[in-house]
Amino acid sequence: MMQSNPLSITTKDGYEIKATVYQPQNENKSVFLINSANAVKQGYYSSFATYLAELGYWVYTYGYRGIGESKPAKI
């Protein structure tokens, strides 16, 4: 079964970007990086990312700075 795990990436200026890695059960050693459309949360792509992981791909999604889970509690 495919697993998805949250990631947190800290930029040089200290900003935290939230990402998700979808780990395949039977990997084919290929990777997809899904870049969201402008102002679209990374969760929108979770079904597609899951599908790709089920085909054996490692898949990464992320939220752009200030959008979705990457939006800070206070601006």
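The values are calculated or read from the model by the stated rules, or taken from the named source; none is laboratory data. In this text the structure is predicted, and so the values were computed from the model without any measurement. Heavy atoms of the whole protein, side chains included, go into the accessibility calculation; ligands, DNA and RNA do not. Shrake-Rupley method; radii C 1.70, N 1.55, O 1.52, S 1.80 Å.
The single condition from (1) open to solvent by less than 40 Å² (accessible area, probe 1.4 Å); (2) in a loop (DSSP other than H, G, I, E, B) that Asp13 fails is (1). Tell me, yes or no, whether the range 18-41 has at least one residue that is in a helix (DSSP H, G or I) and open to solvent by less than 50 Å² (accessible area, probe 1.4 Å). No, the range 18-41 contains no residue that is in a helix (DSSP H, G or I) and open to solvent by less than 50 Å² (accessible area, probe 1.4 Å). Within the range 55-69, the presence of at least one residue that is more than 11 Å from the chain's Cα centre (by Cα), hydroxyl-bearing (Ser, Thr, Tyr) and at pLDDT 90 or above is confirmed.
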